[in-house]
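Step one of this worksheet: look at the structure below.
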Ligand SMILES: [Zn+2]
Ligand SMILES: [Zn+2]
């Protein structure tokens, strides 16, 4: 069995054929899927179809959506969403320094505002005891120093779509956080990530699709979906000299423990 720990079932491309997507996942032994929110409206939509049989939910605000965070109202709304026992994580939240707020998709998402919105969500994660799903792009230094301050109050979490080098991975593992591996690990031109996958203990790894983005080889360039997550497990198995099933089992157990499922 496999656990897709990060995908976006509420994305219109997947949502348009949600029943079929979940059925294909099931047929591929992907028995559990965590559908990740990018803002609070998205989190409400996901709560509408999370069923605790195959699909679970997160709630949180992506750094690109920092402008949608209204301090008091959003705090209240996020806490209410997390009252749902099927909502097992805060996120995705974090920092994204690839684009600054001059980029059309990132209105108002200045770096200081991203930090404020991230830390307000960490406070809620600390108070509710839910795991954190971290989005990090080009912000290794800032995000690690923030988490090093917060760590003692947090349950734990995952750096989803991990794509930094082993030195960064090492600091994340020292925080007792998990690394999430996407289809990028199946790409030939990812030698640094292959090194991380070889060195990272399997007990600290999660697998994910980040669907509809980042389809693994042999579907690279196509629309991604949870049924493709076994390809990620297969590549990690090859790099570590294990069986694909072993990687599936351990990463599923890791995700179950982290999210309390
Ligand atoms: Zn992300
Ligand atoms: Zn995502």
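A short reminder: the numbers here are calculations on the coordinates, not readings from a lab. Please read these numbers as outputs of a predicted model, since none were measured by experiment. Cβ atoms come from the backbone with ideal geometry, glycine included; neighbour counts cover every protein chain shown.
What do you get for Rg/Rh of the stretch 1-89 when both radii come from the Cα atoms and Rh is the Kirkwood radius?
Reported Rg/Rh (Cα atoms, Kirkwood Rh): 1.00.
Kindly provide the pair-distance distribution of the chain built from C-alpha pairs, with 10 Å bins from 0 and whole-percent values in order of increasing distance.
8, 33, 39, 19, 1
What list do you get for 99, 231 if you sort them by fewest beta carbons within 10 Å?
If I rank by nearby Cβ atoms, fewest first, I get 99, 231.
Cβ neighbours within 10 Å, averaged per peptide: list 113-124, 237-248, 145-156, 83-94 in order, most packed at the top.
Answer by packing, highest mean first, reads 83-94, 113-124, 237-248, 145-156.
Test of understanding: what is the full-extension gain from residue 15 to residue 253, defined as 0.36 nm times their sequence separation minus their Cα-Cα distance?
Full extension of this stretch gives 83.0 nm more.
Given the C-alpha atoms of the stretch 110-261, compute the convex hull and give its volume per residue in Å³.
Enclosed volume per residue, from the Cα hull, is 116 Å³.
Considering all projection directions equally, how large on average is the shadow of the alpha-carbon convex hull of the stretch 73-179, in square nanometres?
Its average projected convex-hull area is 6.8 nm².
Given the alpha-carbon gyration tensor of the stretch 47-128, what are the semi-axes of its equivalent ellipsoid in whole angstrom, ordered largest first, with each equal to the square root of 5 times an eigenvalue?
25, 14, 10
Debye sum, Cα scatterers, the stretch 1-153, no solvent: what log₁₀ I/I(0) at q = 0.09, 0.20 1/Å?
-0.28, -1.22
Label residue 243 and residue 166 with points 7 Å out from Cα along Cα→Cβ: what is the distance between them in nm?
The two pseudo-label positions are separated by 2.9 nm.
Relative contact order of the chain, please, whole-number percent, based on alpha carbon pairs below 8 angstrom and at least 6 residues apart.
This gives 20 percent for the chain.
How much length is gained on full extension from residue 98 to residue 23, taking 0.36 nm per residue of separation minus their Cα-Cα distance?
Fully extending the segment from residue 98 to residue 23 adds 23.5 nm.
Taking the Cα centre of each part, how many Å lie between the stretch 1-32 and the stretch 139-163?
27
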